[in-house]
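Novice: I'd like to ask some things about the structure below.
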Amino acid sequence: MRQLTSLDAQFLNAESGTTVAHVGSVVLVDPSTYDGEWGLDAVRTVYEQRLHLVPPLRRRLVEVPLGLGRPYWADDPHFDI
C-alpha cells in the first residue's frame, strides 16, 4: 500500500457534487494501424495486455479509519477491467 501525497489528498477532499477537482485528458487513436476491427473489445484487449505495466490502474482507494490520516492506494485483488 502507498499513502496518498498531501496534494493528492487535497484534490480528493476538494471533490464534491458541485466542485470538480480532477484532471482529464483526451487520447487520439489511429485505428488504421491496428490489424482487425477497432472497437471497445479491441481497446479492452490492448489494455489487458499492457495492464501489468501500469500498477496505478489496478489500485483502489482505502480510507484510514475515522479519517485520522491520508488514504492509501492498495492493489485491488478483485480488479475487473
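None of the figures in this text is laboratory data; all of them are computed from the coordinates on show. Predicted model only: the values in this text are computed from it and were never measured. Neighbour counts run over all protein chains shown; Cβ positions are idealised from the backbone, glycine included.
Novice: Within region 39-78, track down each residue that is without any contact (Cβ under 8 Å) to a residue 60 or more places away in the chain, under 25 Å from F11 (Cα atoms) and among the basic types (K, R).
Specialist: R58, R59, R60
Novice: Related question: Can you pull out every residue in region 6-30 that is over 20 Å from G67 (Cβ atoms) and exposed (fewer than 11 other Cβ atoms within 10 Å of the Cβ)?
Specialist: Residues satisfying the conditions are T18, V20, H22, V23, G24, S25, V26, V27, L28, D30.
Novice: For the subset of region 25-70 comprising residues that are in a loop (DSSP other than H, G, I, E, B) and touching a helix residue (DSSP H, G or I) at 6+ places or on another chain (Cβ under 7 Å), which member is nearest to S6 (Cα to Cα)?
Specialist: R70
Novice: If you don't mind, there's one more thing I want to ask. Kindly provide the set of residues from region 22-38 that are over 19 Å from the mean Cα position of the chain (by Cα) and under 30 Å from F11 (Cβ atoms), ordered by number.
Specialist: Across region 22-38, the qualifying residue is only V29.
Novice: Can you tell me which residue within region 47-65, out of those that are within 12 Å of F79 (Cα to Cα) and basic (K, R), is surrounded by the fewest Cβ atoms within 10 Å (Cβ to Cβ)?
Specialist: Applying the filter and picking the extreme gives R60.
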